[in-house]
Amino acid sequence: MKTKMIACLLPLFTVAGLLAAKDSGPVRRAADSRINVQFVEPEKFTDLHDRWTGTSASTREHVLGELRKHLQQRGETVLREDLHLNIRVTDVDLAGDFEPGRAPHADDVRIIRTIYPVRIKLQFQLSDSTGTVLAEGERTLSDFGRIGDPFPRSDPLRYEKEVLRDWMHKEFRAWRKE
């Protein structure tokens, strides 16, 4: 039933993508960043896979681009300058789901409830400037937004961003900037 979620978000992501493309400067290559984010087979993710009606590769790329940008910005903010972080995201299950028959003409509305939390599976490796691995592992991040979260209610990925922000804050506490 998640097939209609992207169709609902498509106009928003299309406009946001066009604005981002217009305003963004040169694209930063992964090799240029201390925080590298890779999405492994995103077409097979719980959400954002090709079988969805209305889903396009550009929509998926926009959603994943937003998550990548968030992870890179958080990493640059949180981690010391001498550290490098590689993240491989292996699955994304966006917060919320569809409840057909809930109300007339609401079958394509994503319902946000605690029974439909965000779930993101990832692998990471943190290393210093000499290449020494300081931390690595696999995590399944799952949580649901709390009242007063720092992301605007208008941000369709606010729950996903909150989970990623919390993970970075807790996971890399020992290597944070002072």
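Details
- Of everything listed in (1) modelled with pLDDT of 75 or more; (2) touching a Ser or Thr at 6+ places or on another chain (Cβ under 6 Å), the single unmet condition for TRP52 is (1).
- Residue count for region 90-102 satisfying the condition of being outside any loop (DSSP other than H, G, I, E, B) and either buried (at least 22 other Cβ atoms within 10 Å of the Cβ) or at pLDDT below 80 (or both): 3.
- In a residue-by-residue description of region 20-30, the property of being among the aliphatic types (A, V, I, L, M), modelled with pLDDT of 95 or more and within 18 Å of the chain's Cα centre (by Cα) applies to no position.
- GLU66 being modelled with pLDDT under 85, part of a helix (DSSP H, G or I) and acidic (Asp, Glu): no
- Qualifying residue in region 132-144 (condition: modelled with pLDDT under 85, in contact with a helix residue (DSSP H, G or I) (Cβ under 9 Å, 6 or more places away or on another chain) and not hydroxyl-bearing (Ser, Thr, Tyr)): yes
- In region 118-131, the residues that are closer than 21 Å to VAL89 by Cα form Cβ pairs under 9 Å with partners that are surrounded by 15 or more Cβ atoms within 10 Å (Cβ to Cβ) and of a type in the set (Gly, Ala, Ser), at six or more places apart or across chains, as follows: VAL118/ALA95; VAL118/GLY96; VAL118/GLY145; ARG119/ALA95.
- A Cβ distance below 6 Å, combined with a sequence gap of six or more or placement on separate chains, defines the contacts here; from region 154-178, residues that are surrounded by fewer than 16 Cβ atoms within 10 Å (Cβ to Cβ) reach residues that are in a helix (DSSP H, G or I) in the pairs ARG176/VAL78.
The values are calculated or read from the model by the stated rules, or taken from the named source; none is laboratory data. Because the structure is a prediction, the values reported are computed rather than measured. Every residue, glycine as well, gets a Cβ built from its backbone with ideal geometry; the counts of neighbours run over all protein chains shown.
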